Amino acid sequence: MKTGRYLLVSLGVIGLGVLLARARVNPYIYFAGYVILQYVVIATAWNILGGYAGYVNFGTAAFFALGAYTAIFLIESLKAPLPVLILGGGLVSGVLGLGIGYLTLRLKGVFFSIATFALAVVLQTLVINWDYVGGAKGMTVIRPRTGVLFGNYVTFLFTVMVVLAVGAVTIAWLIERSWIGRGLAALRDNEEAAECMGVPTLRLKVFATTVSGFLMGVAGAPFPYYVTYVEPSSAFNLDYAVNALAMPMIGGTTTWAGPVIGAVLLGTAQQVATVTISSELNLLIVGVVLVGFVVLAPEGILGLVRRIRGR
Amino acid sequence: MAGALLEVQGLTKRFGGFTALNGVSLQVKTGERFGLIGPNGSGKTTLINCVSGALPSDGGRILFEGRDITGIPAHQRTRRGIVRSFQIPKPFTSMTVLGNLAIPLEYATQARPGGDVAAEAMEILRHIGLESKAHSKPAGLTQIEMRKLELARAMAAKPKLLISDEAMAGLSSGEVDDILAILFRLNEQGITIIMIEHIMRAVMRFSERIVVLDAGDRIAEGTPDEIVRNPAVEKAYLGE
Amino acid sequence: MFSWDLLANAVIAGVLLGGFYAAVSLGVSLTFGLLDVVNMAHPAFVILGSYAAYAMNTSFGLDPILTGLVFTPVFYVLGAVVYRIYYESFERKGEESLRGLVFFFGLLFIIEVSLSLKYGVDYRLVEASYIGKSFEIGGVGIALRLLVPCIVGLAMTMVLHAFLSRTFYGRAIMAVSQDRLALRLMGANPVHIKTIAFGIGIATASLAGALLVTIAPVVPSTARDYIGRVFAITVLGGMGSIGGTLVAALVLGVAESLMATFSGPSWSLAVSFGILILALAVRPSGLFGR
């Protein structure tokens with residue numbers, strides 16, 4: 001997509017979001033919409049490392065929850081405003097990505113993936129034992145009384161998430177078309193050859209992990225205000241890891257559009273399913289869909305479209 | 001040693017209990033056509049992996065242009081001018097042939113992105129005879145075209161030293177001559193070339209000097225004529 | 001708060017736990033350590049074994065370990081089928097790293113959620129004659145519900161070790177992990193051998209699961225706790241060495257037990273995962289090595 005057209009579409013999406021927010025429709029739309037947009041950010045973030053570089057992160061929950069808990073910490077200690085929360089959550093999770101990347105990315109991809117899974121568990125244990133942010137009991141967070149421009153704070157959060165989603169996708173789009181994106185694609189295709197062709201593979205991988213972690217933290221930062229009650233088992237829920245995998249897989253992992261498609265489709269389906277059938281059955285379906293896609297259609301919907309068009 | 005582009009001093013590499021390289025030393029002069037031969041398992045590819053930085057060594061030093069590069073990561077060695085092609089071609093499967101060349105052009109030589117890169121890449125493809133496949137993906141290439149792509153990609157990295165690792169294995173006689181001609185042309189342009197090959201007529205015709213490895217040791221060095229008459233070499237290949 | 005008694009008890013409990021951890025890790029040592037198949041879902045199969053033992057125990061009063069043994073052939077077939085799907089979809093095409101991982105992760109998730117759907121999230125436990133009894137040796141208490149699984153775990157380890165070193169198929173499995181071409185020249189089909197190996201790996205999960213539910217009540221998410229333990233043990237134990245797996249399991253068991261005794265049980269999980277991350281960070285072989 002050419003730059004000009006992309007800018008237009010992005011601004012258009014933000015504009016739509018604002019209009020929808022002002023329209024004061026059924027409040028459930030804003031709650032559900034927030035979750036779907038949050039997943040757009042998470043899926044896009046995951047794909048920067050998973051789809052572009054080929055390194056699978058199973059610990060999405062760690063980065064997301066760290067963003068949320070950083071926000072709680074900042075709210076409790078400094079009564080910080082939302083932009084600070086978002087930046088803080090992003091930075092802390094970004095540093096986590098940097099750290100775990102630097103430690104484990106020299107090894108085969110498999111070990112990185114296992115380490116990310118371990119990370120989520122270790123972090124959850126740490127948080128459970130940290131009473132300042134609520135520990136195992138969890139913490140209640142009080143929303144600010146009125147949101148900027150929209151009265152209802154949740155509607156405001158919805159609009160914030162629209163902007164964050166557009167921002168995340170823009171970052172992915174920029175990376176993808178840059179020399180960094182091409183280097184990541186080379187190392188995904190054949191890491192040894194890429195290294196021998198002058199691509200600084202370790203540096204690029206650590207970069208991707210850091211950006212990915214940053215965006216996941218950004219997605220998590222508004223979470224405390226959204227749910228008002230944060231406890232470790234929900235913040236560190238395995239759902240985040242599964243969805244972060246399934247959405248790009250379903251949409252297509254090679255480009256920015258895939259995670260968006262996957263997040264919108266799967267996210268909407270899940271919102272519908274949670275209301276109509278049990279939430280557990282809904283999860284089972286996500287798992288089956290994930291395995292189905294990875295076995296039968298690993299290139300996702302975008303890949304199927306490409307095949308049909310005969311390219 | 002004066003005029004030595006690459007100097008390997010006492011290089012050792014072990015895999016668990018198995019010693020693949022046992023204190024191997026050699027020098028390659030600037031502009032030379034250098035052959036590296038030896039029976040299977042003698043350590044040729046391991047030596048190349050250590051020189052290019054794909055594997056860390058367990059002992060010894062590697063000097064390039066007089067500077068110690070032993071601890072330097074592979075991508076930096078490529079930027080300094082050591083480029084290798086792979087025995088089994090490792091193309092970037094999701095990119096076109098042109099895209100494959102863009103990577104070393106952008107990363108190894110720090111060319112400016114955009115128009116320059118594409119034009120340069122096409123120039124290299126024309127040199128090597130692959131320009132008609134510029135927009136194909138590697139999956140659609142024949143064996144010899146894949147080998148040419150390997151070489152083209154190596155050329156795109158603007159090597160001072162090109163290490164060609166069995167670029168001709170499994171090719172027909174005519175195709176071997178094809179690749180040989182390309183390598184001769186590159187050498188005429190000033191690129192030092194190390195050729196690892198099993199196809200003896202190619203190595204003998206191409207090399208100015210040859211080193212022979214066997215079971216991790218250097219057992220002979222000399223001109224092609226000297227090597228052919230060396231009894232130790234004959235023993236290594238044919239046994240007692 | 002420290003006392004020698006407490007220390008001794010913690011160490012002994014840790015050793016017993018370690019024997020059990022070895023049983024759980026054998027499957028991964030085989031499939032991942034030897035065959036490079038990253039079966040993240042192995043702990044889920046173990047939990048499946050636990051629930052099988054639970055179901056038989058509550059419906060028919062069957063001894064859990066007996067159930068574990070009886071279900072071994074079922075799990076073997078399950079493992080063989082799973083490996084075939086994995087092979088056809090990924091390994092054959094060389095895509096095993098990214099997609100194979102996601103595949104097993106998906107399986108883990110499916111098994112866990114299915115068990116939640118069928119059995120809910122309450123803790124389930126079994127009853128057997130040796131659970132609840134313990135005896136003392138020199139002031140140190142030894143609980144039978146820890147001792148029996150430890151002994152069974154040690155037995156499993158020895159049987160698997162003997163199998164790998166003394167039987168034809170066992171040696172073929174060792175060969176396939178080192179040199180696929182040589183194996184083919186010997187007339188054995190590597191895919192067939194790997195299918196058998198994977199089947200055996202999952203078969204161990206049946207018995208390991210029964211041991212698990214004997215030691216402590218289970219819940220579907222228990223599987224996740226074991227991922228870190230199992231991979232930490234396999235990596236620490238030297239990737240495929242059965243003896244190494246046992247030693248690493250004992251080390252981890254004792255470390256966890258000490259942590260639980262002196263810092264509290266909520267930290268003991270972090271021990272295994274922490275050890276795993278550390279072990280991975282200081283692994284001597286680099287990216288292109290093993």
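Structure notes:
- When the range C:261-290 is limited to residues that are facing another protein chain (nearest Cβ under 7 Å), open to solvent by 30 Å² or more (accessible area, probe 1.4 Å) and part of a helix (DSSP H, G or I), the one that is modelled with the lowest pLDDT turns out to be C:A281.
- Candidate set from the range B:105-129 (those that are modelled with pLDDT of 90 or more and over 23 Å from B:R77 (Cβ atoms)); member that is least open to solvent (accessible area, probe 1.4 Å): B:L125
- The lone criterion from (1) open to solvent by 40 Å² or more (accessible area, probe 1.4 Å); (2) out of contact with any Gly (no Cβ under 9 Å at 6 or more places or on another chain) left unmet by A:F207 is number (2).
- Among residues that are part of a helix (DSSP H, G or I) and within 23 Å of B:T96 (Cα to Cα), B:I144 is included.
- Residue that is within 14 Å of chain A (Cβ to nearest Cβ) and crowded, with 17+ Cβ neighbours inside 10 Å, where the choices are C:A232, C:A205: C:A232
- Only listed residue being within 17 Å of the chain's Cα centre (by Cα), away from every other protein chain (no Cβ under 14 Å) and of a type in the set (V, I, T), chosen from B:T19, B:T45, B:T30: B:T30
- Any helices (runs of 4 or more DSSP H) falling wholly within the range A:184-268 and containing at least 2 residues that are under 18 Å from the mean Cα position of the chain (by Cα) and within 14 Å of chain B (Cβ to nearest Cβ): A:201-220
- Flag for A:A23 being under 20 Å from A:Y153 (Cα atoms), open to solvent by 10 Å² or more (accessible area, probe 1.4 Å), out of contact with any Asp or Glu (no Cβ under 7 Å at 6 or more places or on another chain) and small (G, A, S): yes
- Residues that are modelled with pLDDT of 90 or more and open to solvent by 60 Å² or more (accessible area, probe 1.4 Å) number at least 3 in the following helices (runs of 4 or more DSSP H) confined to the range A:48-164: A:82-104.
- C:E136 being in contact with a Gly (Cβ under 8 Å, 6 or more places away or on another chain), surrounded by fewer than 20 Cβ atoms within 10 Å (Cβ to Cβ) and of a type in the set (D, E, K, R): no
- Sole exception among (1) modelled with pLDDT under 85; (2) open to solvent by less than 30 Å² (accessible area, probe 1.4 Å) for C:G187, by number: (2)
- Residue pairs whose Cβ atoms lie under 8 Å apart, sitting 6 or more positions apart in sequence or on different chains, and linking a residue in the range C:123-136 that is at positive phi to a partner that is open to solvent by 50 Å² or more (accessible area, probe 1.4 Å), are C:G132/C:R145.
- Scanning the range B:66-85 for residues that are within 17 Å of the chain's Cα centre (by Cα) and either surrounded by 17 or more Cβ atoms within 10 Å (Cβ to Cβ) or more than 14 Å from chain A (Cβ to nearest Cβ) (or both) turns up B:A74, B:H75, B:R77, B:T78, B:R79, B:R80, B:G81, B:I82, B:V83, B:R84, B:S85.
- Only one of the numbered conditions (1) open to solvent by less than 40 Å² (accessible area, probe 1.4 Å); (2) touching a Ser or Thr at 6+ places or on another chain (Cβ under 8 Å); (3) of a type in the set (D, E, K, R) is violated by A:E176, and that is (1).
- Test: residue in the range B:218-225 that is of a type in the set (V, I, T), part of a strand (DSSP E or B) and open to solvent by 50 Å² or more (accessible area, probe 1.4 Å): yes
- Note on the range A:271-304: among residues that are away from chain C (no Cβ under 12 Å) and free of Cβ contacts under 8 Å to residues at least 40 places away in the same chain, the one that is surrounded by the fewest Cβ atoms within 10 Å (Cβ to Cβ) is A:T276.
- One residue alone among C:G253, C:G228 is within 24 Å of A:L123 (Cα to Cα) and without any contact (Cβ under 8 Å) to a residue 60 or more places away in the chain, and that residue is C:G228.
- Residue pairs meeting the criteria (Cβ under 7 Å; at least 6 apart or on separate chains; first closer than 20 Å to A:V227 by Cα, in the range A:9-32; second in a loop (DSSP other than H, G, I, E, B)): A:A21/A:F150
- Number of the condition not met by A:T140 [criteria: (1) of a type outside the set (A, V, I, L, M, F, W, C); (2) more than 9 Å from every other protein chain (Cβ to nearest Cβ); (3) touching a helix residue (DSSP H, G or I) at 6+ places or on another chain (Cβ under 8 Å)]: (3)
- All told, B:A102 meets the bar of being crowded, with 21+ Cβ neighbours inside 10 Å and more than 18 Å from the chain's Cα centre (by Cα).
- A count restricted to the range B:185-215 and to residues that are closer than 27 Å to B:E234 by Cα and assigned to a helix (DSSP H, G or I) stands at 7.
- Matching helices (runs of 4 or more DSSP H) fully within the range C:1-91 where at least 2 residues are over 24 Å from C:P190 (Cβ atoms) and touching a strand residue (DSSP E or B) at 6+ places or on another chain (Cβ under 9 Å): C:4-28, C:42-60
Matching residues to (1) assigned to a helix (DSSP H, G or I); (2) modelled with pLDDT under 90; (3) closer than 23 Å to C:S50 by Cα:
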| site | (1), (2), (3) |
| --- | --- |
| C:F198 | yes, no, yes |
| C:D225 | yes, yes, yes |
| C:A232 | yes, yes, yes |
| C:M259 | yes, yes, no |
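- When we screen C:L107, C:L98, C:L115 for residues that are within 11 Å of another protein chain (Cβ to nearest Cβ), assigned to a helix (DSSP H, G or I) and farther than 27 Å from C:F20 by Cβ, the only hit is C:L98.
- Residue match in the range A:1-20 (condition: under 19 Å from A:T268 (Cα atoms), open to solvent by less than 30 Å² (accessible area, probe 1.4 Å) and in a helix (DSSP H, G or I)): yes
- Only one entry of B:E188, B:E175, B:E150 meets the criterion of being under 30 Å from B:A4 (Cβ atoms), open to solvent by 50 Å² or more (accessible area, probe 1.4 Å) and under 20 Å from the mean Cα position of the chain (by Cα), and that entry is B:E188.
- Qualifying positions in the range A:269-308 - part of a helix (DSSP H, G or I) and among the hydroxyl-bearing types (S, T, Y): A:T274, A:T276, A:S279
Each row is one residue, and each column tells you yes or no for (1) without any contact (Cβ under 8 Å) to a residue 60 or more places away in the chain; (2) within 17 Å of B:D214 (Cα to Cα).
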{"position": "B:G10", "(1), (2)": "yes, yes"}
{"position": "B:V28", "(1), (2)": "no, no"}
{"position": "B:G41", "(1), (2)": "no, yes"}
{"position": "B:I48", "(1), (2)": "no, yes"}
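- When C:V126, C:V148 are checked against the criterion of being open to solvent by 20 Å² or more (accessible area, probe 1.4 Å), touching a Ser or Thr at 6+ places or on another chain (Cβ under 9 Å) and not hydroxyl-bearing (S, T, Y), a single residue qualifies: C:V148.
The values are calculated or read from the model by the stated rules, or taken from the named source; none is laboratory data. None of these values were measured; they are calculated from a predicted model. Note: ideal-geometry Cβ built from the backbone for every residue, glycine included; neighbour counts use all protein chains shown. Side chains are part of the model used for accessible areas, which takes the heavy atoms of the whole protein and leaves out ligands, DNA and RNA. Shrake-Rupley method; radii C 1.70, N 1.55, O 1.52, S 1.80 Å.
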